[in-house]
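Following: one structure in structure tokens, then a few remarks.
The values are calculated or read from the model by the stated rules, or taken from the named source; none is laboratory data. Computed from a predicted model, the values in this text were never measured in an experiment. We place every Cβ from the backbone using ideal geometry, glycine too, and count neighbours over all the protein chains shown.
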């Protein structure tokens, strides 16, 4: 996802061997949002988000190689901007947060499409059920943070979708109260770990 000539190509042009330098990045919890939309009664989509997200990955900007992706979402941090609905979604009808306090996503690799976009396919675990999930990922920005920690940062945007019923979350599916398909929206800043 690099916006510059990849090191491998540059080194080949000038006769030097390519040296890949992968770095680990950690998600900035203050600037990372995992959100979703799901249809309600066939009238409109309801928006929700999770306020507690942590994770890291290894990425080489020169070769665009991605590995060791690990993301954890705290289920109880759900917020749909309505307390009664939040309590229902945290209950056994949906996320069962007492029995399943975390949602996790892990992946070992990604596939570059061009210099600023690619896909990542990994394992999503919800309610103790693990299913494959593919995310379309775009690099929004990169560079040294202009103040504060001054670390090198990647800005990322990702989209994906899942079927709730694949994870045993079937409340409201058969009667059309709540849609089965959930659209995921992820906006994140990831800081390079030195």
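Computed quantities for the displayed model
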quantity	calculated
Subset of the range 135-169 [surrounded by 13 or more Cβ atoms within 10 Å (Cβ to Cβ) and in a loop (DSSP other than H, G, I, E, B)]	145, 151, 169
Single unsatisfied condition, residue 5 versus (1) surrounded by 15 or more Cβ atoms within 10 Å (Cβ to Cβ); (2) at pLDDT below 95	(1)
Selected residue [touching a helix residue (DSSP H, G or I) at 6+ places or on another chain (Cβ under 8 Å) and modelled with pLDDT of 95 or more] from 43, 50	50
The range 119-134 - residue that is in contact (Cβ under 8 Å) with a residue 24 or more places away in the chain and out of contact with any helix residue (DSSP H, G or I) (no Cβ under 7 Å at 6 or more places or on another chain) and, of those, surrounded by the fewest Cβ atoms within 10 Å (Cβ to Cβ)	128
Residues of the range 171-194 satisfying the condition of being exposed (fewer than 14 other Cβ atoms within 10 Å of the Cβ) and either assigned to a strand (DSSP E or B) or in contact with a helix residue (DSSP H, G or I) (Cβ under 9 Å, 6 or more places away or on another chain) (or both)	181
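Conditions (1) modelled with pLDDT of 95 or more; (2) in contact with a helix residue (DSSP H, G or I) (Cβ under 8 Å, 6 or more places away or on another chain), marked per residue:
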| residue | (1), (2) |
| --- | --- |
| 54 | yes, yes |
| 78 | yes, yes |
| 81 | yes, no |
| 86 | yes, no |
| 103 | yes, yes |
| 114 | no, no |
